[in-house]
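Structure first, commentary second.
The values are calculated or read from the model by the stated rules, or taken from the named source; none is laboratory data. From a predicted model like this one, the values you see are computed outputs, not experimental measurements. Because the Cβ atoms are built from the backbone with ideal geometry, glycine has one as well, and the counts that use them run over all protein chains shown. Note: areas computed on protein heavy atoms with side chains; ligands, DNA, RNA excluded. Shrake-Rupley method; radii C 1.70, N 1.55, O 1.52, S 1.80 Å.
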Amino acid sequence: MIDFNVAPFEVVRDYDKCVNCRVCERQCSNEVHHYEEGFGKMISDSTKCVDCQRCVCLCPTKALKIVPNQNSFRPNANWQQKYLTEIYKQAESGGVLLSSMGNPEPFPVYFDKILINASQVTNPSIDPLREPMETRVFLGAKPQTLQRDEKGNIVTKLPPRLKLSMPVMFSAMSYGSISYNAHAALARAAEKLGIYYNTGEGGLHKDFYKYSANTVVQVASGRFGVHKDYLESGAAIEIKIGQGAKPGIGGHLPGAKIVGDVSKTRMIPEGSDAVSPAPHHDIYSIEDLRQLVYSIKEATEYKKPVIVKIAAVHNVAAIASGIARSGADIIAIDGFRGGTGAAPTRIRDNVGIPIELALGSVDQRLREENIRDNVSLVVAGSIRCSSDVVKAICLGADAVYIGSAALVSMGCHLCRTCNLGKCNWGIATQRPDLVKRLNPDLAAERLINMLTGWNHEIQEMMGGMGINSIEALRGNRLMLRGVGLNERELQVLGIKHAGEV
Amino acid sequence: MKFNGKTYAAKEINDAIKAAGGDATLKEVLGERFIACGLKSGVVTIEGTPGNALGAYLDGAEIRVRGNGQDAVGDTMNDGKIVVFGSVGDTLGYAMRGGKIFVRDNVGYRAGVHIKEYGEKKPVIVIGGRAGCFLGEYMAGGLILVLNKENVKDPIDDYTGVGMYGGKILVRAHLLDTLLPKQIKCKRVEGQELAEFTPYIKEYAEEFGAEFAALTKGDFYLLTPDSSNPYKRLYTNN
Ligand code: SF4
Ligand code: SF4
């Protein structure tokens, strides 16, 4: 069969600079580069390149660059090249298209259409370098009333909560979808930063039980690696109902990735697929969800908050309202740009709604129903920088989850081929030679650096607004204005347009 | 602990069981949920009808129910044993990964969904009567036995083993003409092949005072998936 596909990228080598050291050949797991004895020079096969930029970064003479292939199908605003290419792939294979990382399509990014306020004249801004600035947050239910004994001491038993030094956590990424070293880095960074990382649905490797004070353990429909000690080993337990990258469908780790320790951690035989069905087959209603929440609470003696994670879908506000009454302590909402190790392309790119709009409507709905304090809200998919964090908090979030941003800080270049299992950065792979490229200590340091920077920026923005605690920022929509948004969008977000007082 | 018609919160019941070191007899139980969740040791005897999620995450203890169970008995159970002297509702042993469950009579929909095994850990569910639809759905490992003690025509129901990619389901039946999903292999058990399963049938017979010989008489069918990688050829990297 003729291969109709063209290489999406072109590997450009500057032969004046190339010294034939063959570093690129050794670094590229996609086998793009090789040394051609006959020619006495390096040759590349661009068709295999995924634009991960590994060779570009490691080339000692900076002789390489990867550029989009300028070869063009006849331009067509409707039939973009991508659609033709995808048809060719399916015409060849008959398969469902599989992609990874978050939705890359040009849908509006609402965070980029929202601007933050600052004080001028009438209320002074605060200098975070001189004055205390509180970025610590507690996640969990907040009791509506306080009870005191006759001596005036508070007797209300506080529900279990998570304490974060800053309003950011690492979102669920399973061991299996990412490497041992990536998990180790996330766990170490979470511990140092005083935040949390999340096991995802792959169970918890025995080496990481020592980070349990900073671990959120996940329970998904497949219940992989879930048992009592696993539940005990988390600071909180997250029930995964859905994920932003693939709402409404389950997860599926192919047997080829179920090797060695991954198999042991998930507690399934090597080489067998790990299928997490779309629904939990014991949850068909909020009442059923309540049962799972309470069975977990019973098994862990009400000592740990329970998070319920859902994807942002059309009726997210009504669903969140139900969850807020299910006994859950925290609701995590994942927007349609959330990352993933693998998702069907059509689902990733067409299902779900933007997190900004989901958050705006959920927060407003829970307030209207007077149940906002039953739960904390954590949002994800996708938070790219500290101003996204500030905007999310002003729209009503208590904290955010970051996944892609964390991987990027470790070296990920969003080449979106995690599903191939050959990540040249040692992140989304189980191949020992690739995994060892990621040094967990250095990766942890990069994570810590990034979030330390973010935290300073958050404090700076808060100070600029004259606000000295995250508490006073949460749901403070007056600090936001939209640009280029229509009436409806502003209404859903609950904010005014720039220029309005 | 005797309930006498009073309702206790799940936490009170479980605290009392733990205070007694795991050994307890609960009398006149009427729908109380979450009993013995995650219990590691001891023997809990229940008289009456325990509510949903009995023995969820059970981790080594034994639960003996003198009556019927409701939904989600042994949900995500890891180890131990549950014996029910009656029938149970839906989603028995959801995502179970170890231990044994014996149900004297019938079970509802979706029993043994997503059960899995690893190394030594191999969950076993023995059903004395018949099972509802979706038995062993998404099953990834372990063993389900349907003994059909009443010798009914259809001891299992539609969609048995749908999405199954590991483990075994053994059904005692005269002739299995239930509609089975395409990816399930069904074969009659011949001669010595039953030996692998007789210890569990024996244990069932001893637990409930049933006659071993009667339960091993007649034909058995073994259902297994035809691949442990059912989704492999479904995808095209994009
Ligand atoms: S796949 Fe990565 S390492 Fe290989 S040629 Fe392309 S950019 Fe370089
Ligand atoms: S984790 Fe690796 S494979 Fe996945 S997008 Fe990032 S660089 Fe590419």
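According to the Cα-based calculation, Rg over Rh for segment B:125-238 is 1.02, with Rh computed by the Kirkwood formula. Projecting the Cα positions of B:Gly22, B:Leu92, B:Asn151 onto the charge dipole of segment B:1-154 (unit charges on Cβ atoms of Lys, Arg, Asp and Glu, taken about the Cα centre) puts B:Asn151 furthest along the positive direction.
For segment B:125-238, the fraction of 1.4 Å probe accessible surface lying on carbon and sulfur atoms is 51 percent. Once C-alpha pairs closer than 8 Å and six or more residues apart are averaged by separation and normalised to the residue number of chain B, the relative contact order reads 10 percent.
Of the GluC sites (Glu not before Pro) found in segment B:167-238, those in coil by DSSP whose Cβ has at most 15 other Cβ atoms within 10 Å are B:Glu190, B:Glu211. The residues of segment A:402-500 present an accessible area of 44 Å² per residue when probed at 1.4 Å with all protein chains retained. Calculated accessible area for segment A:75-125 comes out at 61 Å² per residue, all protein chains present (probe 1.4 Å; ligands, DNA, RNA ignored).
For segment A:242-354, what is the Kirkwood hydrodynamic radius in Å, using each pair of distinct C-alpha atoms?
Numbers: mean 1/r = 0.0641 Å⁻¹.
Hydrodynamic radius (Kirkwood, Cα pairs) of segment A:242-354 is 15.6 Å.
The angle between the Cα long axis of helix A:81-93 and the longest principal axis of the Cα atoms of chain A comes to about 70 degrees, rounded to the nearest 10. Reported value for segment B:1-136: 76 Å³ per residue, from the convex hull of its C-alpha atoms. Principal axis extents of the Cα atoms in segment A:87-218, from largest to smallest and rounded to whole angstrom, are 76, 49, 31. Its Cα gyration tensor gives segment A:187-295 an equivalent ellipsoid, and the semi-axes of that ellipsoid, as √(5λ) in whole Å with the largest first, are 22, 20, 13. Per residue, the accessible area of segment A:9-72 comes to 57 Å² when a 1.4 Å probe rolls over the protein heavy atoms. Across segment A:9-72, Cα pairs under 8 Å and at least six residues apart give a relative contact order of 46 percent.
Which chymotrypsin sites (Phe, Trp or Tyr not before Pro) from segment A:76-179 combine a DSSP loop assignment with at most 11 other Cβ atoms within 10 Å?
none
Plainly put, segment A:66-122 has a radius of gyration that is 1.24 times its Kirkwood radius, both from alpha-carbon atoms, as the Rg/Rh ratio.
May I ask for the percentage of alpha-carbon pairs in chain B that lie more than 24 Å from each other?
I get 43 percent for the Cα pairs in chain B exceeding 24 Å.
Semi-axis lengths, largest first, of the ellipsoid equivalent to segment A:387-501 are 37, 18, 10 Å, with √(5λ) applied to each eigenvalue of the Cα gyration tensor.
Rounded to the nearest 20, the size of the Cβ-charge dipole of the protein assembly as shown about its Cα centre is 660 debye, with Lys and Arg at +1 and Asp and Glu at -1.
Note down the net charge around B:Pro181, summing +1 for each Lys or Arg and -1 for each Asp or Glu among other residues with Cβ under 12 Å from its Cβ. Computed value for this residue: -1. Rounded to the nearest 10 degrees, the angle from helix A:440-465 to the longest Cα principal axis of chain A is 50 degrees.
Contact order for chain A, expressed relative to its length and based on alpha carbon pairs under 8 Å spaced 6+ residues apart, stands at 19 percent.
Give the value in nm², to one decimal: projected area of the alpha carbon convex hull of segment A:9-72, averaged over all directions. Mind dumping the intermediate values first?
Values: hull surface 16.9 nm².
So the Cα hull casts an average projection of 4.2 nm².
Selection among B:Leu58, A:Gln459, A:Ser174 by position relative to the dipole of the protein assembly as shown gives A:Gln459 as farthest towards the positive end (Cβ unit charges, Cα centre).
Would you jot down the residues in segment A:247-262 that end up with at least 20 Å² less accessible area in the complete protein assembly than in the chain alone, with a 1.4 Å probe? Listed in order, they are A:His252.
Between A and B, roughly 3900 Å² of accessible area is buried in total, ligands, DNA and RNA not counted and the probe set to 1.4 Å. Pairwise inverse Cα distances across chain A, averaged and inverted, put the Kirkwood hydrodynamic radius at 24.2 Å. Seen from A:Cys24, the other residues with C-beta closer than 10 Å to its C-beta sum to a net charge of +3, counting Lys and Arg as +1 and Asp and Glu as -1. Once the Cα atoms are used to define both axes, helix B:198-208 deviates from the longest principal axis of chain B by about 30 degrees.
In loop segments of segment A:409-501 as defined by DSSP, there are no trypsin sites (Lys or Arg not before Pro) with at most 11 further C-beta atoms inside 10 Å of their C-beta.
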